[in-house]
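The values are calculated or read from the model by the stated rules, or taken from the named source; none is laboratory data. Just so it is clear, the model here is predicted, and its values are computed rather than measured. When we count neighbours, we look across all protein chains shown, and the Cβ atoms used for this are built from the backbone with ideal geometry, even at glycine.
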Number of protein chains: 6
Amino acid sequence: MYSVCVRDHFMIAHSFSGDVFGPAQNLHGATYIVDVEFRGETLDEDGIVVDIGRAGQALHAELETLNYRNLDEEAAFTQKNTTTEVLAFEIFERMAARIRDGSLGAAATRLHSLRVTLHESHVAWAAYEGRLDTSAAS
Amino acid sequence: MYSVCVRDHFMIAHSFSGDVFGPAQNLHGATYIVDVEFRGETLDEDGIVVDIGRAGQALHAELETLNYRNLDEEAAFTQKNTTTEVLAFEIFERMAARIRDGSLGAAATRLHSLRVTLHESHVAWAAYEGRLDTSAAS
Amino acid sequence: MYSVCVRDHFMIAHSFSGDVFGPAQNLHGATYIVDVEFRGETLDEDGIVVDIGRAGQALHAELETLNYRNLDEEAAFTQKNTTTEVLAFEIFERMAARIRDGSLGAAATRLHSLRVTLHESHVAWAAYEGRLDTSAAS
Amino acid sequence: MYSVCVRDHFMIAHSFSGDVFGPAQNLHGATYIVDVEFRGETLDEDGIVVDIGRAGQALHAELETLNYRNLDEEAAFTQKNTTTEVLAFEIFERMAARIRDGSLGAAATRLHSLRVTLHESHVAWAAYEGRLDTSAAS
Amino acid sequence: MYSVCVRDHFMIAHSFSGDVFGPAQNLHGATYIVDVEFRGETLDEDGIVVDIGRAGQALHAELETLNYRNLDEEAAFTQKNTTTEVLAFEIFERMAARIRDGSLGAAATRLHSLRVTLHESHVAWAAYEGRLDTSAAS
Amino acid sequence: MYSVCVRDHFMIAHSFSGDVFGPAQNLHGATYIVDVEFRGETLDEDGIVVDIGRAGQALHAELETLNYRNLDEEAAFTQKNTTTEVLAFEIFERMAARIRDGSLGAAATRLHSLRVTLHESHVAWAAYEGRLDTSAAS
């Protein structure tokens, strides 16, 4: 299996609902350093698993829609705790949609799965990994 | 699959037995930077795979029982080389027991596996990953 | 010159005032990874420039008063942009006060300066460094 | 599953062929920081999954044959884009051969797979992972 | 003293002339991860030592003129070894010129020095630091 | 001012004497990741501040004399706490001697100072920096 991974980041405010979160129930914030790993079994004729330039641009474009926001006020996250796990899944879904709509180019059709990791500090991170539902493209 | 990972460290002395270890047969020591990755397929109603606060506290408590010790004199490791691999497995076993005894809270029952990585320097690490034998809890 | 440095972090929400900040005028947030470097010319009889245990505890205690807050609502920062530079200076001032009030122990009296660095992402950080005004202790 | 990983690096020049590469079609270069993860299910009687000393030496020896070269002029890569993915696979193949020829010692016979990761910058990496075809050793 | 630092990278081919360089006399290449630290004694009324957005854009623009090149063929480096030290100084000079020509905005006039660090691998880096000759702006 | 820095590591056992050290009075150990920064004002005709190859070899040779040892039993450290600060100074002294005896080559005569940093974990480090007493060479 081949992987290519690109890194970027975004900075947001949010609060959590639920006793388990303790002081994180207050409005606070985070820098998330995001790694998106694109995975496939084979390379194309150019020798790549995905166009890394396009992959980085697509990730940056998605993160721009979250960057410098208060997630408590974003429609996408109404009634939802935007934990690191939830945000990792959200970015997985968005990058999967970008792959399906062709934003990452023809090479990306050979990808079968993604792993999205969000580093919230030097001592904690969360990730979501899953298969790309290619049939959903139809 | 969702993952949450926390990082901590401990500092020990030890020696190894066996020609393969060369100069590491001498009494020496190491700082181990420890990453424990908690894995499950689903999130609970709060949007978490595990209570990261409790996870970090449980890891810290376990590492405190090893920290600032000479492992050659610890009963847990009699007649055993405390290689990085062996220590990764040891911490896996201890964290699995913590999950089974409820120390990590109710959310942790959805975890199915752990990966424990010990960084011994900037150029070497070892890891153990395995499934949580939940039936062993009974 | 000797230095000892400890690392910790805090996570806050804030917004900035001024056109120069562009989208960062919105309420957003950050994880700050904080390095505090304690500097002196000599070691004490134990061979240390500062008690690293106390240094880490003092830093952690200060960061806890900022952690999980919306800095826009904190009295300490009224009418002030809490830029990374401003926060680095704030933590410098607080750690200097801790040294003067004896919280870091007797060894700390030999310290002559501090450097406080706040990493706001993997691609940007800010710092403040300055001398400890020991006469201000009287 | 146990893993042991060693890190080293090499520095090369190369160019790529294909419109997808944009300015990287020019002769340019890279530092690749290489992580090779050796994986097996069990430890030997010494408590190791592989002799980490020999593993590091074998990796270093292989990277020396690539280091300080212009890959466009190396016979091994004729008519081939030496993308990060392609180089990760190349190093996988070479390390697998080293394991089969006994260079990593007896413990290495218990290894079942490798993961080779090449970091080309602080924001991008590629990897190849695969099983060791032990029958190919006969 | 306040500092703000931004990080970016570039990837080049080059060769060195001189026995001291051994195999690095061959055409090879490197990824350089570049940190530029901007330093001044005071903050402006917005609470910044430099507009970090403009600083990052200016650095990126300069690195683009070097990225994906064979430095042996660049006019700027004729008859010169483009060692990591030499490149650190080159980027220092270019960023100093950007500050003098106003590209970094009004806040940058309070800067008095820069430190440019180029990481060539995980085990080696070089830097150049110096004062900004503000009189040279006239 | 130009700097070149090389990184290496060593792994030792030791114990400390003095109440301030708490549990670190026990025999324990550490991995120290060592950065040695070589500083001078000018480059030689090859464009280097020091021969980085020789610098790395000299550092490695010095660290080998400490690696895999119990420092409590080393003559060099009798009656002395081998704190991170003390070890940073020790390595400074040894590298300074190597420069004076010519081990780092002719270019090294232009060096005026060194900074030695020892990382003992991901959250703590210590350093010693000082001028090279070149007259001591005579």
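Select from segment F:32-45 the residues that are crowded, with 18+ Cβ neighbours inside 10 Å and among the acidic types (Asp, Glu) and write down the one among them that is farthest from F:Glu64 (Cα to Cα). So that I can check it myself, show each step before the final result.
Going residue by residue through segment F:32-45, those that are crowded, with 18+ Cβ neighbours inside 10 Å are F:32-40, F:43-44.
Of the ones still in play, those that are also among the acidic types (Asp, Glu) are F:35, F:37, F:44.
Numbers: F:Asp35: 15, F:Glu37: 19, F:Asp44: 30 Å.
Result: F:Asp44.
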Exercise for review: With the condition kept exactly as written, say whether any residue in segment F:87-108 is under 18 Å from the mean Cα position of the chain (by Cα), acidic (Asp, Glu) and within 20 Å of F:Ala30 (Cβ to Cβ).
Suggested key: yes
Check your understanding: If you check D:Ala58 against the conditions, is it of a type in the set (Gly, Ala, Ser) and either in a strand (DSSP E or B) or closer than 21 Å to A:Val49 by Cα (or both)?
Key -> no
Practice item. Could you tell me whether segment B:102-119 includes any residue that is within 14 Å of chain D (Cβ to nearest Cβ), in contact with a helix residue (DSSP H, G or I) (Cβ under 9 Å, 6 or more places away or on another chain) and β-branched (Val, Ile, Thr)? Key: yes
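Among the residues of segment A:88-124, count how many are of a type in the set (A, V, I, L, M) and either farther than 18 Å from B:Ser3 by Cβ or in a helix (DSSP H, G or I) (or both). Lay out the reasoning, then the answer.
Here is the first cut: in segment A:88-124, the ones of a type in the set (A, V, I, L, M) are A:88, A:91, A:95-97, A:99, A:104, A:106-108, A:111, A:114, A:116, A:118, A:123-124.
Add one more test, that the residue is either farther than 18 Å from B:Ser3 by Cβ or in a helix (DSSP H, G or I) (or both), and what stays is A:88, A:91, A:95-97, A:99, A:104, A:106-108, A:111.
Here the count works out to 11.
What are the residues in segment E:7-31 that are surrounded by fewer than 19 Cβ atoms within 10 Å (Cβ to Cβ) and either part of a helix (DSSP H, G or I) or among the polar types (S, T, N, Q) (or both), if any? Give the derivation first.
First, pick out the residues of segment E:7-31 that are surrounded by fewer than 19 Cβ atoms within 10 Å (Cβ to Cβ): E:17-19, E:22-23, E:25-26.
Those that are surrounded by fewer than 19 Cβ atoms within 10 Å (Cβ to Cβ) and either part of a helix (DSSP H, G or I) or among the polar types (S, T, N, Q) (or both): E:Ser17, E:Asp19, E:Gly22, E:Pro23, E:Gln25, E:Asn26.
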Practice item. Would you check if A:Ser15 is among the small types (Gly, Ala, Ser), over 17 Å from the mean Cα position of the chain (by Cα) and within 26 Å of B:Val50 (Cβ to Cβ)? Key: yes
Revision key, fill the gap. Note: among D:His14, D:His9, D:His28, D:His60, just one is within 14 Å of chain E (Cβ to nearest Cβ) and without any contact (Cβ under 8 Å) to a residue 40 or more places away in the chain, namely D:His28
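Matching residues to (1) touching a Lys or Arg at 6+ places or on another chain (Cβ under 8 Å); (2) under 30 Å from F:Val34 (Cβ atoms):
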| residue | (1), (2) |
| --- | --- |
| E:Val34 | yes, yes |
| E:Ala58 | yes, no |
| E:Tyr68 | no, no |
| E:Ala75 | no, no |
| E:Val86 | yes, yes |
| E:Arg100 | no, no |
| E:Gly105 | yes, no |
| E:Leu114 | yes, yes |
| E:Glu129 | yes, yes |
Review point. Would a scan of segment B:106-113 turn up a residue that is touching a residue at least 60 places away in the same chain (Cβ under 8 Å), of a type outside the set (Val, Ile, Thr) and under 27 Å from D:Val116 (Cα atoms)?
Key: yes
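Take E:Ala127 and tell me if it is in contact (Cβ under 8 Å) with a residue 24 or more places away in the chain, over 19 Å from D:Leu27 (Cα atoms) and not in a helix (DSSP H, G or I).
yes
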Review point. Scanning segment F:18-61 for residues that are farther than 30 Å from C:Ala107 by Cβ and of a type in the set (A, V, I, L, M), which turns out farthest from the chain's Cα centre (by Cα)?
Key: F:Leu43
Practice item. Select from segment A:88-97 the residues that are acidic (Asp, Glu) and more than 13 Å from chain B (Cβ to nearest Cβ) and list them in ascending order. Key: A:Glu93
Exercise for review: Write out, first by first residue and then by second, each pair whose Cβ atoms fall under 8 Å of each other, whose residues are 6+ apart or on separate chains, and whose first residue, in segment A:32-49, is more than 9 Å from every other protein chain (Cβ to nearest Cβ) and in a loop (DSSP other than H, G, I, E, B) while the second is of a type in the set (Val, Ile, Thr) and buried (at least 21 other Cβ atoms within 10 Å of the Cβ).
Suggested key: A:Thr42/A:Val49
Check your understanding: Does segment B:70-87 include one or more residues that are surrounded by fewer than 21 Cβ atoms within 10 Å (Cβ to Cβ), of a type outside the set (A, V, I, L, M), within 14 Å of chain F (Cβ to nearest Cβ) and part of a strand (DSSP E or B)?
Key -> yes
Practice item. Quickly run through segment D:108-138 and pick out the residues that are modelled with pLDDT under 95 and acidic (Asp, Glu). Key: D:Asp133
**Study point:** Filter pass, C:Arg131 being under 30 Å from E:Val116 (Cα atoms), more than 8 Å from every other protein chain (Cβ to nearest Cβ), more than 12 Å from the chain's Cα centre (by Cα) and not hydroxyl-bearing (Ser, Thr, Tyr)
**Key:** yes
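Condition check ((1) among the β-branched types (Val, Ile, Thr); (2) touching a Leu at 6+ places or on another chain (Cβ under 6 Å); (3) modelled with pLDDT under 95; (4) closer than 18 Å to B:Leu43 by Cβ) across all residues:
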residue: A:Gly18; (1), (2), (3), (4): no, no, no, yes
residue: A:Leu27; (1), (2), (3), (4): no, no, no, no
residue: A:Leu59; (1), (2), (3), (4): no, no, no, no
residue: A:Glu64; (1), (2), (3), (4): no, no, no, no
residue: A:Arg69; (1), (2), (3), (4): no, no, no, no
residue: A:Ala76; (1), (2), (3), (4): no, no, yes, yes
residue: A:Glu93; (1), (2), (3), (4): no, no, no, yes
residue: A:Ala106; (1), (2), (3), (4): no, no, yes, no
